[in-house]
Amino acid sequence: VLQISKDDVTALQCKVVCLIQNGNFKEALSIINTHTKVLTSDIIAFEKAYCEYRLNRIESALKTIQSASQQTDKLKELYGQVLYRLERYDDCLAAYRDLIRNSQDEYEEERKTNLSAVVAAQSTWEKVVPEDLGLREATYELCYNSACALIGQGKLNEAMKKLQKAEELCRQSLSEDSDVTEEDIEAELAIIHGQMAYIMQLQGRTEDALQLYNQIIKLKPTDVGLLAVIANNIITINKDQNVFDSKKKVKLTNAEGVEHKLSKKQLQAIEFNKALLAMYTNQADQCRKLSASLQSQSPEHLLPVLIQAAQLCREKQHAKAVALLQDFADQHPANAAEIKLTMAQLKIAQGSVTKACMILRSIEELQHKPGMVSALVTMYSHEEDIDSAIEVFTQAIQWYQQFQARTNYGCCVFQPKSPVHLSLIREAANFKLKHGRKKEAISDLEELWKQNPKDVHTLAQLISAYSLVDPEKAKVLSKHLPSSDTMSLKVDVDALENSHGATYVRKKAGKLTGDNQQKEQGQGEVKKKKKKKKGKLPKNYDPKVTPDPERWLPMRERSYYRGRKKGKKKEQVGKGTQGSTTAGSSELDASRTASSPPTSPRPGSAAAVSATSNVIPPRHQKPAGAAATKKKQQQKKKKGAKGGW
């Protein structure tokens, strides 16, 4: 037909539709663009917009749809898809609502599925609380989208139940088709299982999540977007561990067509993780390149500059890291708070606690917060800068006073303070008392007592502080203390003493009867006298002989002790170093004493008498009978050696 009439509108339109059915979108779009005079926007607007949509020319597709003179149902359907890809979720939601309201055909279920997908995207990426659309979750697609919306709200347990229901519905619907195999069912369930693994990861069940992620990868699904998300999540689990596996998984995130399957935030998260992986693998240049690219794409985002600062810190360039963060804080005041907290952390790591305090105090929106006040006071106390710590308390208390003055415009004379304000005043008073600033603490304590005159604890602290500064004032204030009768507490002392953890437990007294009970009532408690046991006497005790009065003293301290008798030979044997000679060595010479007749021993010195030539030192002496036993052993050996060799 076209050979006969090349500008035949019907023939050209049919050819374009055939090319679209065969997936030749570029050729179809080329024919439309070359025959613009014949194929006007009124005739072929939908086909042109659809080709642009499939070629990922989303902005061009939107212009084509908006330029159409008549908005047909087909164009409205495509318009909703285009808005979803452009992440204009509010406009997309309105478009699908209009379609569902004004159309009745067999595609109603698909439109409801797309509507639920828009709501899930809003909940996940824009943190919008989804409204109840009243959709009956009869299909696994609707259950899946509902689970995604619950994940965006942080309702992980409910989302897991929805995914389990979606899995059951998916198996039921696909098993009814006899042509569908088990592998096809598992491939369809891959996206549901991937979302289940993501919930496990958020719940801290990283081992279970990792196992499920790897099972999905083994199935080799055709959806490159699903593979990229799973690979990215595995990298986040690995962190700085198992870097080799993370490098392999990065390749899945670089697959062709991934950028058209994922949202902008998903793609951004993948690029962030690539930069962090480059930092962990010591690829400094690659890390800088990726983080700089991310910063150029979203200049106000915190992560790129934080990654650059972390890389500089790994290279021991802390000063450059702090300067980089300071420049970012100056350029983007809205994000300055988080950046300055990081700067303070770096200063603390360097040991510059005072500089860290200065940075923290420069964060105006946080300096009055109780957590920030506590951190600053602790750091100043560590540096023994008590004046600065008290100044932090004073500024925070003044901020709450000014805030209360701004919120209470009435003419009331007395305004009760907020619990946070009172808590700060009390902590300031306790801190001043602890560091000896009694006079400064008195004003805070008086303010607290003024707020609550019945607070006995505050009054006691105030009296204690005044007692060191103004005793007369302390006496006046002490009159406000309640009497002992009003302060008596109904406490069971016995139960308290016998309770678990008591340092002292009183033993239970035995029951008293008869006369003992009367004595107890009349005289009070009487201590029992312990019976003394008779001491044991020595065996050689003689009652007729008076015992030695000095018997309890050591022998050396007794008056009649004269010291030990000095024996000549006894004193010399075994003394001195081995092999040395003593002064009495001539007496032990055998040649001198051999001819002399033996002398009779002295009474009481038999232990010192021995043959001069046969003297053996005590260490070398053998026990009696040792030689005899040795001979017997030798004889036994000879008897037992009859066989020979």
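The values are calculated or read from the model by the stated rules, or taken from the named source; none is laboratory data. All of these numbers come straight from a predicted model, not from anything done at the bench. When the accessible area is computed, the model is the full protein with side chains, heavy atoms only, and any ligands, DNA or RNA have been set aside. Shrake-Rupley method; radii C 1.70, N 1.55, O 1.52, S 1.80 Å.
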Q: Please report the relative contact order for region 9-123, taking Cα pairs under 8 Å with a sequence separation of at least 6, and give it as a percent rounded to a whole number.
A: 17
**Q.** Surface accessible to a 1.4 Å probe, Glu391 within the full protein complex, Å²
**A.** 80
Q: Grab the Cα-Cα distance for Asp492 and His457, subtract it from 0.36 nm times how many residues apart they are, and report the gain in nm with one decimal.
A: 10.3 nm
Q.
List the pairs from Lys127/Lys264; Lys239/Lys265; Lys355/Lys432 whose alpha-carbon separation is above 22 Å, in the order I gave them.
A. Lys355/Lys432
Q. Mind checking which aspartates and glutamates have their C-alpha under 17 Å from Lys251, skipping anything on the same chain fewer than 8 residues away?
A. Asp223, Glu259, Glu271
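Report in % the part of the accessible area of region 386-480 that belongs to carbon and sulfur, leaving out ligands and nucleic acids; probe 1.4 Å.
With neighbouring chains kept in place, the figure for region 386-480 is 56 percent.
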Q: Could you list which residues have their amide H under 5 Å from that of Lys239, counting only those 5 or more apart in sequence or on another chain, with H placed in the peptide plane?
A: none
